Amino acid sequence: MASFHSLRIRIIRSGSSGNAIFLEGGGTRLVVDVGLPAEVVARELASLPDATPIDAILLTHEHEDHAKGAGVLSRALGAPVLANEGTLSAAAAILNGAERERFATGVPFRVGELEVEAFPVPHDAVEPVGFAISSGPIRVLIATDLGAADAELTARTRGVDVLILEANYDLRLLSVSPYPWFLKNRILSPTGHLSNDAAARVAVEAASDRLQTVFLVHLSDINNLTPLARDTVQWALQREGLGDVRVEAVRPNGTMPLWSHAAGTATEYVQPTDRRPGV
Ligand SMILES: [Zn+2]
Ligand SMILES: [Zn+2]
């Protein structure tokens, strides 16, 4: 049984081919983004202990790798899709027939036992957001698909227990990659994606005696390497004397085991079977 102040997270998939995160706190269950076929997410949820029913599906933005399965999953699970006005209208075709609820960016709202606030991130979508989610005293921040780490993001990372952060590319690998220039420029732009070095700076800013784990997500399979992303962030933390923070990089288009945290206890992985090292 989960204690009241508890958090369970599983990054079901992360990368340019699709993103979905399962998160449970205080008995309330969310899926954040459904950027892969709904049946894949449903199957992954079914493989987790007590992962259903899902109370709501949250969307960060309308890009396919975050939203394409949301309508079908919503109808299959009977869970509403929650998003802001811009994302709901941009994803209207995908969400056709699904129950939808609107939240306002910057205005906190509740889903069951969870307190949620969407905050704006710089990315080339209509109204892209990250999420700050609290389960009692436990706080998690989700920030993927952002071209730059602005002051708002930095301020929001302070005091979080878990940080789920984009580390999309290594600058050197991107510069020699076969990507066409227009795509490289899109990734590099202030509304594109976050580099390993930028993620490391965010992690250092976020580090406090509360921060337990940094999950690095949305890694490029061409312009990044899983150990490189992890080491870049871990070394930056170590240089600042913050080596206790655990850094986990999710393989491009890969998954993570279920992560569990109860207030006042050490975090643990309860389903380590699908954990694979490196690349
Ligand atoms: Zn995007
Ligand atoms: Zn994306």
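The values are calculated or read from the model by the stated rules, or taken from the named source; none is laboratory data. Note that the structure is predicted; figures quoted are calculated from it, not measured. We place every Cβ from the backbone using ideal geometry, glycine too, and count neighbours over all the protein chains shown.
Among the residues of segment 121-139, the ones that are over 13 Å from H193 (Cβ atoms) and either within 16 Å of ligand 2 (Cβ to nearest atom) or crowded, with 24+ Cβ neighbours inside 10 Å (or both) come to 7 in all.
One line per residue, one yes/no per condition, for (1) in contact (Cβ under 8 Å) with a residue 60 or more places away in the chain; (2) hydrophobic (A, V, I, L, M, F, W, C):
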| residue | (1), (2) |
| --- | --- |
| A198 | no, yes |
| Q212 | no, no |
| S220 | yes, no |
| N224 | no, no |
| L228 | no, yes |
| D231 | no, no |
| L242 | no, yes |
| V245 | no, yes |
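Look through segment 46-75, keep the residues that are of a type in the set (G, A, S) and more than 16 Å from ligand 2 (Cβ to nearest atom), and return whichever of them is surrounded by the fewest Cβ atoms within 10 Å (Cβ to Cβ). Across segment 46-75, the extreme among qualifying residues is A46. Given the conditions (1) under 16 Å from R29 (Cα atoms); (2) touching a strand residue (DSSP E or B) at 6+ places or on another chain (Cβ under 9 Å); (3) among the aliphatic types (A, V, I, L, M); (4) modelled with pLDDT of 95 or more, and given that V107 satisfies all but one, which numbered condition is not satisfied? The one condition V107 does not meet is (1). Scanning segment 57-67 turns up at least one residue that is under 18 Å from F215 (Cβ atoms) and in contact with a Phe, Trp or Tyr (Cβ under 8 Å, 6 or more places away or on another chain).
In summary, A229 fulfils each of the numbered conditions (1) within 16 Å of ligand 2 (Cβ to nearest atom); (2) at positive phi; (3) out of contact with any Asp or Glu (no Cβ under 6 Å at 6 or more places or on another chain) with the single exception of condition (2).
In segment 201-213 there is at least one residue matching the filter, namely being surrounded by fewer than 24 Cβ atoms within 10 Å (Cβ to Cβ), part of a strand (DSSP E or B) and in contact with a Phe, Trp or Tyr (Cβ under 8 Å, 6 or more places away or on another chain).
Where helices (runs of 4 or more DSSP H) fall wholly inside segment 1-92, the ranges with 1 or more residues that are among the small types (G, A, S) and within 16 Å of ligand 1 (Cβ to nearest atom) are 64-67, 70-77, 85-90. The single condition among (1) more than 16 Å from ligand 1 (Cβ to nearest atom); (2) surrounded by fewer than 21 Cβ atoms within 10 Å (Cβ to Cβ); (3) not in a loop (DSSP other than H, G, I, E, B) that R186 does not satisfy is (1).
Is one or more of the residues making up segment 56-72 over 18 Å from the mean Cα position of the chain (by Cα) and aliphatic (A, V, I, L, M)? Yes, because at least one residue in segment 56-72 is over 18 Å from the mean Cα position of the chain (by Cα) and aliphatic (A, V, I, L, M).
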